[in-house]
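First comes the structure, then the notes that go with it.
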Protein chains: 2
Amino acid sequence: MTTPTPADPQAAEVRAWLEGLQRRITDAVAAVEAEAGGAARFVVDPWAKAPGEPLQGDGVTRILEGGAVFERAGCGFSHVRGARLPPSATQHRPELAGAPFEAMGVSLVFHPRSPYVPTVHMNVRMIAALPAGRAAVRWFGGGMDLTPYYGFEEDAVHFHTVCRDVLAPFGEGLYPRFKDWCDEYFHLKHRDEQRGVGGIFFDDFSELGQAGSLAMTQSVGDAFLRAYLPIVQRRRHQAWGEREREFQLYRRGRYVEFNLVWDRGTHFGLQSGGRTESILLSMPPLAAWAYRRPVEEGSPEAELTRRFLVRRAWV
Amino acid sequence: MTTPTPADPQAAEVRAWLEGLQRRITDAVAAVEAEAGGAARFVVDPWAKAPGEPLQGDGVTRILEGGAVFERAGCGFSHVRGARLPPSATQHRPELAGAPFEAMGVSLVFHPRSPYVPTVHMNVRMIAALPAGRAAVRWFGGGMDLTPYYGFEEDAVHFHTVCRDVLAPFGEGLYPRFKDWCDEYFHLKHRDEQRGVGGIFFDDFSELGQAGSLAMTQSVGDAFLRAYLPIVQRRRHQAWGEREREFQLYRRGRYVEFNLVWDRGTHFGLQSGGRTESILLSMPPLAAWAYRRPVEEGSPEAELTRRFLVRRAWV
């Protein structure tokens, strides 16, 4: 497999950073697994689009399944190029309509085994329009959000504190905006319920200039491990049983519902011929459905919905 | 809860038939459960739309969970009325645009516990436009299709034979047309794979006149038990182990993918404020995902994809 030559030197730098980020994150997860005595290892699966496909490019999937701490932890890097930006990408940039483009990013979802350890999602991406004879125009997207099965205030506060602090140097208003955007995006309309306790989400972002917007995006990616790992370490020893497991599987069903019904990347990707197995890295290893599952008032399971899966100021 | 008065006597008859069909089918499933010594019972959950919601109407969910033969068997009846037909329903009937309407139907998905017993789906529905001062205009839809986890030719042949025979009195060309329509509809484009071995599917159907089209639809509904139950009885005693169970859970993931990504009723229903728990009766009780799950060549698991999940003439 050949690595496609990025269209300009800055893209090469971004690619190198993304590949490094993916490696650092999966190495850290592997270290947690080793610490827990797990035997599962990350599978590293490089792939490349076949010549002639509408999108060209390559990527690397890293996934650990059946671990002691992580039941399924998928982290994908991809870098694709296309001849023409899709119309949805140039609604607000008519001057770039139909320009060649490249898109690259890292996306991950980790599904822990313990119901006390929350599921997490993180994504950072860069899209560059490459209009003929003109400089590349870049914009950025990404964020991270946390989905607990049993709610702990201190976990939500920690996660949001890292999100807030990482954005602070780039502008005071960013965290509240990206926090609201996240709440807005990760909302299951058909359940009128938040996917989790949120985090930050941004899309189509270039307002700090290309260098500034990239720096902000990189800071978000680099902050992921310190936002998430302390929560894993704090919760993974907490004992759980069949009751907690059953509730976790049931709640994972909501994760599936969100991703397949509402997540634009997933839904659009599957409908438009994306790489299915990469897109579905986000699926849980096991998920359950039950009709109008009863939840006892005042129980931790009821508290999750009442106090955590709502829009709420965490910091 | 009050039963809404159907707009005309024929609708009342159709409603009575649908309610009876639902009862006959769930009674038959309950009898299979009793025969197998299972302790699970159908839950009967009548519901009604709250006044002021855009759609008015009511329904009854019947669902058995955790049975000995059926791990989740949901069968819903619903009857809704709206003030204005949605544009999608009147594309081919401009003269009815915006007319009041009613829609009623029975829809079921049964997920057996044994990996050797196939999952099944059946649906029959009637939509009636009720233009002011004019006669009601009705059209029909429905069908049934079978999704095995381990393929048996005789099961597919039996299911398709019943489908063919039930349509034969209504016209020679119907079975081949509805069979192709089913293959077309239950196709997972993102996997390039059929959901199962197919069956029949029809929509927007009125070409036999109102009485003839209703009679055909009723025959399809009434044929369901003889299409499916013999397969259940033939397979349910076959011993299975962890390997077959694991494969069943993995394949059920595809069922989830189809329903949430491609099924128009499900996807549109969830996005447009339908009753979530009724729509998701079709979800399996438990489903699994795994990255590029290996399948040994020549194994029964590989044969499923190669010989059964393809478009094929069964009778």
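The table for this structure:
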read-out	value
Test: residue B:280 is away from every other protein chain (no Cβ under 14 Å), of a type outside the set (Phe, Trp, Tyr) and under 14 Å from the mean Cα position of the chain (by Cα)	no
Identity of the residue in the range A:290-315, within 24 Å of residue A:122 (Cβ to Cβ) and in a loop (DSSP other than H, G, I, E, B), that ends up nearest to the other protein chains (Cβ to nearest Cβ)	A:309
The one condition in (1) within 17 Å of the chain's Cα centre (by Cα); (2) closer than 21 Å to residue A:48 by Cα; (3) surrounded by fewer than 23 Cβ atoms within 10 Å (Cβ to Cβ) that residue A:100 fails to fulfil	(1)
Residue satisfying all of: in the range B:251-264; touching a residue at least 40 places away in the same chain (Cβ under 8 Å) and more than 7 Å from chain A (Cβ to nearest Cβ); most open to solvent (accessible area, probe 1.4 Å) among these	B:262
Any pair with Cβ under 7 angstrom, 6 or more apart, that starts in the range A:163-181 at a residue that is closer than 13 Å to residue A:144 by Cβ and ends at one that is open to solvent by 70 Å² or more (accessible area, probe 1.4 Å) and in a helix (DSSP H, G or I)	A:175/A:164
Enumeration of residues in the range B:87-119 that are touching a Gly at 6+ places or on another chain (Cβ under 9 Å) and aliphatic (A, V, I, L, M)	B:103, B:104, B:106, B:108, B:109
Which listed residue, of B:34, B:12, B:40, is over 21 Å from the mean Cα position of the chain (by Cα) and within 14 Å of chain A (Cβ to nearest Cβ)	B:40
Extreme residue, surrounded by the fewest Cβ atoms within 10 Å (Cβ to Cβ), among residues of the range B:265-293 that are farther than 26 Å from residue B:44 by Cβ and at pLDDT 95 or above	B:292
Any hit, the range A:37-50, residues being surrounded by 15 or more Cβ atoms within 10 Å (Cβ to Cβ), free of Cβ contacts under 8 Å to residues at least 40 places away in the same chain and either part of a helix (DSSP H, G or I) or among the small types (Gly, Ala, Ser) (or both)	yes
Hits in the range A:51-72 (condition: within 10 Å of chain B (Cβ to nearest Cβ) and not in a strand (DSSP E or B))	A:66
Residue check for residue B:233: more than 9 Å from chain A (Cβ to nearest Cβ) and polar (S, T, N, Q)	yes
Residue within the range B:156-170 that is over 30 Å from residue B:295 (Cβ atoms), touching a Gly at 6+ places or on another chain (Cβ under 6 Å) and acidic (Asp, Glu) present	no
Given (1) more than 7 Å from chain A (Cβ to nearest Cβ); (2) touching a Gly at 6+ places or on another chain (Cβ under 7 Å), number of the condition residue B:287 does not satisfy	(1)
Residue identified as free of Cβ contacts under 8 Å to residues at least 60 places away in the same chain and out of contact with any strand residue (DSSP E or B) (no Cβ under 8 Å at 6 or more places or on another chain) among A:89, A:132, A:99	A:132
Candidate set from the range A:43-62 (those that are under 21 Å from the mean Cα position of the chain (by Cα) and closer than 28 Å to residue A:216 by Cβ); member that is modelled with the lowest pLDDT	A:57
Residue in the range A:226-250 that is most open to solvent (accessible area, probe 1.4 Å), counting only those that are free of Cβ contacts under 8 Å to residues at least 60 places away in the same chain and under 23 Å from residue B:282 (Cα atoms)	A:246
Any hit, the range B:84-92, residues being surrounded by 17 or more Cβ atoms within 10 Å (Cβ to Cβ), modelled with pLDDT under 85 and among the β-branched types (Val, Ile, Thr)	yes
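The values are calculated or read from the model by the stated rules, or taken from the named source; none is laboratory data. Since this is a predicted model, take the numbers as computed values, not measurements. Heads up, the Cβs are rebuilt from the backbone with ideal geometry, glycines too, and the neighbour counts pull from every protein chain shown. Just so you know, the surface numbers come from the protein's heavy atoms only, side chains and all, with ligands and any DNA or RNA stripped out. Shrake-Rupley method; radii C 1.70, N 1.55, O 1.52, S 1.80 Å.
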